[in-house]
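Notes to accompany the following structure.
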Amino acid sequence: MDTNLPEPAEQLPTPLLSALLKHARSGRQRWHMPGHLGGLAWPAGLAENLAAIDVTELPGTDDLNHPAGVAQQAMELAAAAFGAGHSRLLTGGSTLGLQVLLALAVGRGGSLLVSRTCHQAVVHAAALLDIQLCLLTQTGELPPDLSRFSLFPQATAADVIRDLERHPRCRTVLLTSPDYYGSCAELAAIAEAVHARGACLLVDEAHGAHLAFAPGVLPAAALAAGADACVQSGHKTLPVLTGGAWLHLGREALASGRLDAAALTRLIPVFQTSSPSFPIAASLDLARQLMALTGSRQIRLQLEHLEWLRQSLPDWLACLPSRRGAEPLARDPLRLVLTARDSRQVAAMPALARHLSADGIDIEFADLTRLVLIPSLWQSSANWQLLSDSLHRFPVPSAGGLADASSQLQELETRWLRQLDKTGLSFRVSPGDALLAPGVRASCRLETAAGRAAAQALVPYPPGIPLVWPGEVLTPDRVDFLRRLLDNNISINGIDAGNVQVLA
Ligand SMILES: Cc1ncc(COP(=O)(O)O)c(C=O)c1O
């Protein structure tokens, strides 16, 4: 970045701007979203000119909410690049995309089959739209040696068929694939099963915007696998400004009438600001072009770097191979998940995250037993070398000394999994009413909240997957589990200095 930027005046501080400029000057290594790597992925000069292209709707710039000119052309090019029948550029992230998609495909008061492992954005969109949530239980574990690289199982076709039959009035299924850990659902088989039952398949592909650009090398993208529609956060894995997202409708979904593109022009302005940011939308346009021109090469390059890292890892650490034999790709190899090879050493992972941070390396997140890094497709070999060097500088943890702590963390993870995938949905009031209906809410200490209904989602963040949905009762087991997560330094949105908001 330009190091000649003026320092903000001390007597009139700009705390946020100052912190961001300080961070930008720090030279810290970025192994997290957004994927543009501080603008390094873009052509020279663009980053410096973002303010110059920040304009309003002018005769030559078109209108992102009502595209009819250059914005429409950009959307048509996006549809062609992603294999969609119709695409829209959004500037409020996949969060906005999910609101629009659920309004389009389910509508107010409709039903949706969804797993507890969905992002909070799904729960909130459903609350806004008074959508009835039907529970999808996911059982698709990776093989035993790989399952420890993820926190929870993915969806199989059998899961979707079983739960659609349990909820015959539910005509729409929403899956998250890939998830934050890179695990993918059995999308092609699921799409076939869903369509055979006359239902519609939506995919939250927030973490998978890059998949379309290396078919066969990466898991199939949602549209290629037959999904009717998907939303993708461009900023998570591609060189897109934060907030940039695509909403794609599939060709077959449009041809069959399952989804209607014209309705989007009615629905998008309901959720998106009337002043969507042109720089964000333009970065989506650019990322689409960069990916069409060089995406496949960049993906292969990063896979080579990943393989190099895997082979040069300290012996006690493990990450996944890019591909194992002829196995179908059940996960995105570009999501770099690190854990201890010996389960007695997993308690060292949080300390490893602190060590990397002290070495100037920022990762996407650490959960109880693993680290998740998002390599930009433009990550340099020097960055990979610095990461490897830092991993090697961490002292090898003692398996004996950490065994007890490690088994406690693993037990906690088993409870986490149980909370997510073995717990039914049972609301005292609907999520919409819990969040939005007029009424009295109170703040109480988490420890005294057992038996009360949550007035908001309680969400370990990242990965942003609610443990308690608005309107659900905080059972003693849930309260105890939330406390244990907090004690293990997992931050939980919705718990503020030990207080939670409950329905009075
Ligand atoms: C699976 C998933 N879906 C949706 C979202 C929301 O995406 P955005 O930040 O683009 O609004 C996230 C954000 O982390 C996510 O992980």
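Give me the Kirkwood hydrodynamic radius of segment 70-285 in Å, from all C-alpha pairs, to one decimal place?
17.1 Å
Got a sec to turn the phi values of segment 297-311 into Karplus ³J(HN,Hα) couplings, 6.51 cos²θ - 1.76 cosθ + 1.60 with θ = phi - 60°, whole Hz, x for Gly and Pro?
5, 5, 5, 5, 4, 5, 5, 5, 4, 4, 5, 4, 4, 4, 6
Taking N as the number of residues in the chain, what is its Cα Rg relative to 2.2 N^0.38 Å?
0.97
What is the dipole size for the chain, taken about its Cα centre, with +1 at each Lys and Arg Cβ and -1 at each Asp and Glu Cβ, in debye to the nearest 20?
Magnitude of the dipole: close to 680 debye.
Just subtract the alpha-carbon distance of Thr139 and Ala255 from 0.36 nm times their residue separation and send over the number in nm, one decimal.
38.5 nm
Assign unit charges at the C-beta atoms only (+1 for Lys and Arg, -1 for Asp and Glu), then state the dipole size of segment 426-503 relative to its Cα centre in Debye, rounded to the nearest 20.
Here the size comes out at about 100 debye.
Please work out how much length the chain gains when fully extended from Thr475 to Ser147, using 0.36 nm per residue of separation minus the C-alpha to C-alpha distance, in nm with one decimal.
115.3 nm
Could you tell me the center-to-center distance, by alpha carbons, between segment 101-166 and segment 212-239 in angstrom?
18 Å
Lys/Arg Cβ at +1, Asp/Glu Cβ at -1, dipole of the chain taken about the Cα centre: which of Ile53, His23, Gly97 is farthest positive-ward?
So the residue furthest toward the plus end is Gly97.
Each residue of segment 44-55 in order: what ³J(HN,Hα) in whole Hz does its phi give by Karplus 6.51 cos²θ - 1.76 cosθ + 1.60, θ = phi - 60°, with x for Gly and Pro?
Per-residue couplings from phi come out as 3, x, 5, 4, 6, 9, 4, 5, 5, 9, 8, 10 Hz.
Using +1 on the beta carbon of Lys and Arg, -1 on that of Asp and Glu, and nothing else charged, what's the dipole of segment 244-317 about the Cα centre, debye to 20? Write out the running numbers ahead of the final one.
Values: 7 positive and 6 negative charges, 44 e Å.
Result for segment 244-317 is approximately 220 debye, rounded to the nearest 20.
Specify the inter-centroid distance of segment 423-444 and segment 480-504, based on alpha-carbon positions, in whole Å.
Segment 423-444 and segment 480-504 have Cα centres spaced 17 Å from each other.
Longest exposed-loop-site-free stretch of the chain, with trypsin sites (Lys or Arg not before Pro), DSSP loop and at most 11 other Cβ within 10 Å?
170-421
Per-residue HN-Hα couplings for segment 272-289, Karplus 6.51 cos²θ - 1.76 cosθ + 1.60 at θ = phi - 60°, whole Hz, x for Gly and Pro?
Karplus-based 3J(HN,Hα) across segment 272-289 equals 8, 3, 7, 10, x, 6, 5, x, 5, 5, 5, 5, 5, 4, 5, 4, 4, 5 Hz.
For an R0 of 45 angstrom, estimate the FRET efficiency from the Cβ-Cβ distance between Leu58 and Asp487 and round to the nearest 0.05.
0.25
Which FRET efficiency value, to the nearest 0.05, do you get for Arg266 and Ala196 by plugging their Cβ-Cβ distance into 1/(1 + (r/R0)^6) with R0 = 25 Å?
Numbers: r = 30 Å, r/R0 = 1.21.
In this case the efficiency is close to 0.25.
From the residues His305, Leu412, Val122, which one has its Cα farthest along the dipole of the chain in the positive direction, the dipole being from +1 and -1 charges on Cβ of Lys/Arg and Asp/Glu about the Cα centre?
Looking along the dipole axis, the top candidate is Leu412.
Leu425 to Ala382: FRET efficiency via 1/(1 + (r/R0)^6), r the Cβ-Cβ distance, R0 45 Å, to the nearest 0.05?
0.40
Any chance you could check the Cα centroid distance between segment 332-405 and segment 272-322 for me, in angstrom?
Answer, in whole Å: 19.
Counting DSSP beta bridges with both partners in segment 70-285, what percentage is antiparallel, nearest 5? Numbers along the way, then the final one.
Numbers: 11 of 27 bridges.
Around 40 percent of the beta bridges assigned by DSSP in segment 70-285 are antiparallel ones.
Computed from the coordinates by the stated procedures, all read-outs in this text should not be read as laboratory data. Note that this is a predicted model, so its numbers are computed, not measured. When we count neighbours, we look across all protein chains shown, and the Cβ atoms used for this are built from the backbone with ideal geometry, even at glycine.
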